[in-house]
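The structure appears below as structure tokens.
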Amino acid sequence: MVQLCSTIASVRLLCRCRGKIPRVSVLVGEGRGTVRRLQTSAHRRTVMPAWVIDKYGSNEVLRFTKNANFPIINYPNEVIVKVHAAALNPLDVSMRGGYGAATFHMMRDPLNIKQTGSEFPLILGRDVSGVIMECGLNVTYYRPGDEVWAAIPPWKQGSLAEFVVLSGNEVSHKPRTMDHLQAAAIPYVAATAWSALVTTGGLTKDNCPKKRILIIGASGGVGTFAIQMVKAWGAHVTAVCSQNAEGLVRGLGADHVVDYTAGPPEDQLKALDKFDLILDNVGGGTEKWALDLLRSWSGAKYITMVTPFLRNTDALGIADGMMRTGVTVATKMFKHLSQGRHYRWGFFAPSGRALDEVAEMVDAGQIRPIVEHQFSFAQVPQAFQQLERGHARGKTVVNVLQGGPQ
């Protein structure tokens, strides 16, 4: 009884009314001698401005609203981030048209309780840089006011809004040497490249100096980040790109550049020494010849970022799509393993811990953002149009703080 009274006494509610909306602070006892402060926002919000889509389609489905649902913390490890800048990726254009809808619906609703289309209104945008506004009960590493960045999983509401809610494991402290617009250009490609090269490829800063790495599609977002990361770790990098991107990839550190417009790249690459790892951002017929460029029986890996997984689940449904995908990847893995080479698929994986490592590399001057276009929040449709034109060698960044249409 004494302990119960002590616990009750440790909870003090202090209300100070400002008009009709109070500011509330709650002091919660977590044990003897320990008090933790929980605080709501000064002004309670239920809606916010955002760019949404209400159905899948072309650029016309984008709609600005000031009445998007304000995100709420549902789990104790979540945080609410006020968005300062967002960035668009080719995935956002594909998602606008419905790409991956079946799989992402399963991730949002694994028990299939909600109806099809319950994701609408859907907010796009995979990159965010901003400031922590609220923290869940179990979040101890961050505090309101911390500047953070994150790569948002595609099954969650995105960053083309004033606020976004994320797991504390998905966010990371923003690099000190970058502003929000620069920082927003990095997280999604960084998390994707890290997942492919480190988690799947087994690369580390310790084993990279002895590796020969080939990056196909080196001038895209993932490619330009991958070049910088493995070069910072001491690898020898060969990049495949067009002639007009050669200056860019050499400037990022590529040791050798192959121009695919000058003739079949496989013919040029066969004259070089074999590789320890190949990162393929192009797909298609590339894997028909790329695996022959790997060292045999040495643990060499071919990792492709272009897989049929989401296309299969969209076309066949989750069960049949996953079955076909499993058969496809298993067949290819065993086929190439018999020849002494490892065949792997690479996927995006959100990771605040990986972004912690990347932030250190950024602040050390080893990684720089490649920003090609900047738009205000009112210009989101134009940003999508620019991205759709293709041939981008940098991120399309949106300044969310510049407000939406009036």
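The values are calculated or read from the model by the stated rules, or taken from the named source; none is laboratory data. Since the model is a prediction, treat every value here as computed from it, not as a measurement. Cβ atoms come from the backbone with ideal geometry, glycine included; neighbour counts cover every protein chain shown.
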If we ask which residues in the range 288-325 are within 30 Å of Ala101 (Cα to Cα) and more than 25 Å from the chain's Cα centre (by Cα), their number turns out to be 6
Before we move on, is Phe375 hydrophobic (A, V, I, L, M, F, W, C) and either in the same structural domain as Gly299 (by TED's automatic domain parsing) or in a strand (DSSP E or B) (or both)? yes
How many of the residues making up the range 219-264 are within 22 Å of Phe348 (Cα to Cα) and hydroxyl-bearing (Ser, Thr, Tyr)? 2
Does Lys332 qualify as being in contact with a strand residue (DSSP E or B) (Cβ under 9 Å, 6 or more places away or on another chain) and within 22 Å of Ala300 (Cα to Cα)? yes
In the list Ile152, Ile213, which residue meets the criterion of being within 19 Å of Val83 (Cα to Cα), in contact with a strand residue (DSSP E or B) (Cβ under 8 Å, 6 or more places away or on another chain) and crowded, with 24+ Cβ neighbours inside 10 Å? Ile152
Here is a list of conditions, (1) surrounded by fewer than 20 Cβ atoms within 10 Å (Cβ to Cβ); (2) part of a helix (DSSP H, G or I); (3) touching a residue at least 12 places away in the same chain (Cβ under 8 Å), and Met95 meets all of them except one; can you say which number that is? (1)
Counting only residues that are over 21 Å from the mean Cα position of the chain (by Cα) and assigned to a loop (DSSP other than H, G, I, E, B), which one in the range 57-71 is nearest to Val164 (Cα to Cα)? Phe70
Go through the range 219-236 and give me each residue that's more than 18 Å from Ser195 (Cβ to Cβ) and either buried (at least 24 other Cβ atoms within 10 Å of the Cβ) or of a type in the set (D, E, K, R) (or both). Ser219, Lys231
Please verify whether Asn207 is free of Cβ contacts under 8 Å to residues at least 24 places away in the same chain and closer than 30 Å to Asp356 by Cβ, treating the condition exactly as stated. yes
Elements of type strands (runs of 3 or more DSSP E) contained in the range 117-170, each with 3 or more residues being of a type in the set (S, T, N, Q) and over 20 Å from Met95 (Cβ atoms): none
Which numbered condition Gly390 misses (of (1) part of a helix (DSSP H, G or I); (2) at positive phi; (3) of a type outside the set (Lys, Arg)): (1)
Residue pairs within 8 Å by beta carbon, gap of at least six or interchain, first lying in the range 64-89 and under 20 Å from Val398 (Cβ atoms) and loosely packed, with under 14 Cβ neighbours inside 10 Å, second of a type outside the set (A, V, I, L, M) and modelled with pLDDT under 95, listed first then second, are Lys66/Gly404
Would you confirm whether or not the range 390-398 contains a residue that is more than 18 Å from Thr199 (Cβ to Cβ) and exposed (fewer than 14 other Cβ atoms within 10 Å of the Cβ)? yes
If you go through the range 353-367, how many residues are within 16 Å of Val230 (Cβ to Cβ) and touching a helix residue (DSSP H, G or I) at 6+ places or on another chain (Cβ under 7 Å)? 5
For Gly365, are the conditions met, namely being exposed (fewer than 15 other Cβ atoms within 10 Å of the Cβ), in a helix (DSSP H, G or I), at pLDDT 95 or above and small (Gly, Ala, Ser)? no
